[in-house]
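Chemist: This is the structure, below, for whatever I ask next.
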Protein chains: 2
Amino acid sequence: MKAKSNPNILVYYHKEKYVDWYKELLERARKDLTILACKEKNQIEKNIEKADILFSGHRFPMELLPRAKNLKWIQSMSAGVENFIRSKLIPSNVILTKPKGIFGSLMAEYVIGYILAILKNMKKTFENQANKLWEPLEVDGLQHKTVGIMGLGSVGAHIAYRLHLLGLEVIGLDEQERNLPYLAKEYPVEGMDNFLGKSDFVVLTVPLTESTEGIIGEKQFMSMKESAHLINISRGPLVQEKALIKSLQKGMIAGAVLDVFNEEPLPKDHPLWNFKNVIITPHISGPSLPEDLAKIFLENLKRWEEGKKLEGMVDIHKGY
Amino acid sequence: MKAKSNPNILVYYHKEKYVDWYKELLERARKDLTILACKEKNQIEKNIEKADILFSGHRFPMELLPRAKNLKWIQSMSAGVENFIRSKLIPSNVILTKPKGIFGSLMAEYVIGYILAILKNMKKTFENQANKLWEPLEVDGLQHKTVGIMGLGSVGAHIAYRLHLLGLEVIGLDEQERNLPYLAKEYPVEGMDNFLGKSDFVVLTVPLTESTEGIIGEKQFMSMKESAHLINISRGPLVQEKALIKSLQKGMIAGAVLDVFNEEPLPKDHPLWNFKNVIITPHISGPSLPEDLAKIFLENLKRWEEGKKLEGMVDIHKGY
């Protein structure tokens with residue numbers, strides 16, 4: 001593949017100040033680039049036909065994709081590419097890539113931090129402090145705890161490795177065998193009941209696809225320990241929300257840490273806000289630093305210009 | 001040293017139910033032991049003269065020590081032995097030992113957990129959740145953060161190692177050179193200003209002695225970064241409380257995590273309760289699990305019976 005020289009690069013993100021920041025980062029690194037920085041849909045409409053490359057977050061107005069007559073490559077800013085895939089509007093000759101490797105470290109910190117927040121009873125500790133109450137609470141340790149990582153892609157594998165270093169037993173589940181040396185055991189998808197039954201914390205790091213949507217439902221909550229916590233840092237629709245709420249109400253699991261939801265922001269009247277044993281964070285587990293993402297894009301752009309294979313290629317049929 | 005066979009072991013802890021639990025643990029392990037389980041001072045008074053060995057927490061009524069005519073060995077349940085030392089009432093032929101090695105792991109979890117609680121802005125996150133407020137806060141990561149461990153005994157060394165595994169830069173300060181391979185740099189006591197100036201988190205793991213009391217005062221807060229946090233998991237009097245409060249008020253440091261205080265429980269009217277950027281926990285960073293402590297005592301008891309050197313010997317002149 002011989003890439004067109006001086007391609008038009010359309011940059012979009014749903015927060016305006018980020019678009020300026022991406023433009024500056026790219027132009028600072030490469031003076032020769034033609035950046036079409038778009039903050040709103042009407043700007044995209046004016047520029048989409050000219051675009052050779054699209055560098056965008058997952059809230060891109062997908063309905064405009066069919067107008068991208070010159071488009072050759074989409075670099076997603078997000079590791080979750082389900083919005084692109086589900087639109088079914090990516091022209092068949094267009095390559096889709098997603099960032100790899102940069103989320104693992106921050107997401108591992110999120111998982112470790114909130115596992116410790118649960119074991120050390122931090123929520124109640126902070127409440128007690130607000131009430132000036134000195135009450136030594138029961139605290140627990142990482143020792144003898146098992147964490148189950150569902151989905152062993154680059155994020156899941158990184159989290160597993162970090163937890164292993166901390167002395168936890170880590171087990172994994174994936175549709176393919178990964179043979180990761182820091183896992184105590186790997187389960188195939190058919191072994192999900194056993195995998196869930198062994199885990200004190202179940203961490204979801206699976207991409208959202210047609211086959212993973214709603215993968216955690218009533219049956220899966222039944223398989224989990226009553227003392228277990230669910231941690232979802234991937235995508236809300238992986239979990240059947242009604243089944244989750246029912247499981248929490250019935251004490252079928254001990255609690256949950258949720259960073260992602262079916263609807264974001266989580267509506268004010270949503271019942272999940274009310275559970276004492278649920279920690280809700282506003283989709284911050286894998287913050288995308290523009291500096292990191294711009295670097296990934298520029299490296300891939302160089303490969304593209306040299307006709308090399310791009311990093312983070314998405315199989316559009318598989319969905320990840 | 002030929003130890004007396006069938007010694008009388010006086011067991012004391014300031015919480016009654018723990019005394020029963022210790023008695024049960026020891027008797028379950030060894031049917032031949034004579035346990036004098038004491039829950040109150042008057043019980044100690046009746047039994048202290050008979051005691052060959054004292055296995056006790058640091059709230060033992062020290063004024064009774066001179067009556068312990070037969071005492072040969074005190075096994076402290078606490079890693080902090082300053083109450084024993086300061087009483088100056090330990091008969092000169094009595095050995096004092098403290099538990100070693102069992103606190104490091106739990107204290108490392110405390111330090112990692114609360115560093116992440118700060119970086120991930122958990123206190124505010126939980127507040128927002130209570131108000132059903134979806135507000136993506138700025139969160140930070142462990143990368144490029146430096147933790148300074150003051151005191152490289154077994155607890156400090158263990159914490160340093162764990163933090164190193166997590167990818168943090170760890171520096172240490174101690175009065176003796178330890179040459180720990182996982183430290184980026186070791187500072188002597190004279191290098192404290194530089195040590196403090198480099199640390200994003202300063203963790204106190206020094207024993208409380210005459211020379212360390214008040215070791216963190218106004219001058220030391222001046223040396224710290226304005227963005228730094230102090231974490232005290234050792235003993236309250238290491239820190240000059242007035243200087244700490246002044247530093248917090250003036251923004252000379254960014255905050256603190258405090259598990260120990262001059263007065264415990266921390267009085268209701270104490271100003272430290274009121275700082276948003278201070279996390280207060282009720283002396284729980286190194287919970288002493290009776291199971292672990294009983295095991296340590298029994299192992300040392302075996303050594304004692306065999307005339308071997310005991311583990312965790314305290315140098316009463318040094319104070320640790």
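Chemist: When each copy gets a label point 7 Å from Cα toward the beta-carbon at B:Gly307, what are the spacings between them in nm, shortest first?
Modeler: Reported distances to equivalent positions: 8.6 nm.
Chemist: Rounded to whole Å, give me the distance from the Cα center of region B:246-274 to that of region B:46-119.
Modeler: Region B:246-274 and region B:46-119 have Cα centres separated by 26 Å.
Chemist: What ranking, highest mean first, results for peptides A:26-34, B:37-45, A:223-231 when packing means the other Cβ atoms within 10 Å averaged over each residue? The partial results should precede the final answer.
Modeler: On the way: A:26-34: 12.3, B:37-45: 16.2, A:223-231: 19.8.
Highest-to-lowest ranking by the protection proxy: A:223-231, B:37-45, A:26-34.
Chemist: Could I ask something else about it? Summarise the partner chain shielding of B:273-285 as one whole number: the mean count of Cβ atoms from other chains within 10 Å of each residue's Cβ. Display every interim value, and only then the final one.
Modeler: On the way: counts 6, 2, 1, 1, 0, 1, 4, 7, 11, 8, 2, 8, 2.
The per-residue average across the peptide is 4.
Chemist: Additional query: Select from A:Gly113, A:Ser199, A:Ile215 the residue farthest towards the positive end of the dipole of region A:103-280; place +1 on Cβ of Lys and Arg, -1 on Cβ of Asp and Glu, and compute about the Cα centre.
Modeler: So the residue we want is A:Gly113.
Chemist: Among A:Val239, A:Leu65, A:Val155, whose Cα sits farthest toward the positive end of the charge dipole of the protein assembly as shown (+1 at Cβ of Lys/Arg, -1 at Cβ of Asp/Glu, about the Cα centre)?
Modeler: Value: A:Val155.
Chemist: While we're on this one: Please list, or write none, the lysines whose alpha carbon is within less than 29 Å of the alpha carbon of B:Lys308, excluding same-chain residues fewer than 8 places away.
Modeler: By straight Cα distance, B:Lys308 reaches B:Lys2, B:Lys4, B:Lys23, B:Lys31, B:Lys50, B:Lys69, B:Lys72, B:Lys88, B:Lys98, B:Lys100, B:Lys295, B:Lys318.
Chemist: Let me spell out the model: positive unit charges on the Cβ of Lys and Arg, negative unit charges on the Cβ of Asp and Glu, origin at the Cα centre of the protein assembly as shown. What dipole size does that give, in debye rounded to 20?
Modeler: Values: 86 positive and 80 negative charges, 21 e Å.
Result for the protein assembly as shown is approximately 100 debye, rounded to the nearest 20.
Chemist: Rounded to two decimals, what ratio of Rg to Rh does chain B give with C-alpha atoms and a Kirkwood Rh?
Modeler: On the way: Rg = 21.4 Å, Rh = 21.2 Å.
Here the Rg-to-Rh quotient is 1.01.
Chemist: Charges on Cβ only, +1 for Lys and Arg, -1 for Asp and Glu, centred on the Cα centroid of the protein assembly as shown; of A:Ser87, A:Pro7, A:Pro290, which one is farthest towards the dipole's positive end?
Modeler: Result: A:Pro7, furthest along the dipole toward the positive end.
Chemist: Ok, one more. Which residue in chain A puts its Cβ closest to the axis that rotates chain A onto chain B, and at what distance in whole Å?
Modeler: Here the nearest residue and distance are A:Leu165, 2.
Chemist: Suppose every K and R has +1 on its Cβ and every D and E has -1 on its Cβ; what is the size of the dipole of region A:1-40 about the Cα centre, in Debye to the nearest 20?
Modeler: Working: 9 positive and 6 negative charges, 37 e Å.
The calculation lands at about 180 debye.
Chemist: To test your reading of the geometry: what angle, between 0 and 90 degrees and rounded to tens, separates the Cα axis of helix A:154-165 from the longest principal axis of chain A?
Modeler: 40 degrees
Chemist: Give the nm distances, rounded to one decimal, from A:Ser5 to the matching residue in every other copy, measuring between label points 7 Å along Cα toward the beta carbon; shortest first.
Modeler: List, nearest first: 9.8 nm.
Chemist: For a quick check: sort A:Asp269, A:Asp140 by the number of other beta carbons within 10 angstrom, fewest at the front.
Modeler: Working: A:Asp269 8, A:Asp140 16.
Ordered from fewest to most neighbouring Cβ atoms within 10 Å, A:Asp269, A:Asp140 come out as A:Asp269, A:Asp140.
Chemist: Next question. Could you list A:Lys308, B:Lys295, B:Lys123 so that the one with the fewest beta carbons within 10 Å of its beta carbon is first and the one with the most is last?
Modeler: On the way: A:Lys308 12, B:Lys295 15, B:Lys123 21.
Fewest-to-most Cβ neighbours within 10 Å comes out as A:Lys308, B:Lys295, B:Lys123.
Chemist: Label-to-label distances across copies for B:Arg178, with labels 7 Å out along Cα→Cβ, in nm, shortest first?
Modeler: Ordered by increasing distance: 3.4 nm.
Chemist: Specify the inter-centroid distance of region A:146-224 and region B:146-192, based on alpha-carbon positions, in whole Å.
Modeler: 34 Å
Chemist: Straight-line reach only, C-alpha to C-alpha below 19 angstrom: list the lysines that A:Lys219 could link to, leaving out same-chain residues fewer than 8 apart.
Modeler: Output for A:Lys219: A:Lys198, A:Lys242, A:Lys246, A:Lys250.
Chemist: Then there is this: Evaluate peptide B:139-146: per residue, the Cβ atoms of other protein chains within 10 Å of its Cβ; return the mean as an integer.
Modeler: Working: counts 8, 3, 7, 6, 3, 0, 0, 0.
If you average over the peptide's residues, the count of other-chain Cβ atoms is 3.
Chemist: Quick one: angle between helix A:16-29 and the longest Cα principal axis of chain A, in degrees between 0 and 90, rounded to 10, please.
Modeler: 60 degrees
Chemist: Could I ask something else about it? If the elastic network links every pair of Cα atoms under 10 Å, which of B:Leu133, B:Leu238, B:Leu71 fluctuates the most in the Gaussian network model of chain B?
Modeler: Evaluated over chain B, the most mobile residue of the options is B:Leu133.
Chemist: Dipole size in debye (nearest 20) for region B:95-253 around its Cα centre, Lys and Arg Cβ +1, Asp and Glu Cβ -1?
Modeler: Using Cβ point charges on Lys, Arg, Asp and Glu, region B:95-253 gives about 380 debye.
Chemist: Still on this structure: Write down the radius of gyration of the protein assembly as shown and its Dmax, each obtained from C-alpha positions, in Å.
Modeler: Reported Rg and Dmax, both Å: 28.8, 96.
Chemist: Give the order of B:Ile115, B:Ile296 when sorted by the count of other beta carbons within 10 angstrom, beginning with the fewest. If you can, show how the numbers build up before the last one.
Modeler: On the way: B:Ile115 25, B:Ile296 21.
Ranked by crowding around the Cβ, least crowded first: B:Ile296, B:Ile115.
Chemist: By how many degrees, between 0 and 90 and to the nearest 10, does the Cα long axis of helix A:241-250 differ from the longest principal axis of chain A?
Modeler: Value to nearest ten degrees: 10.
No lab work stands behind these numbers, since they all come straight from the coordinates. The structure displayed is predicted, hence computed values, not measured ones. Every residue, glycine as well, gets a Cβ built from its backbone with ideal geometry; the counts of neighbours run over all protein chains shown.
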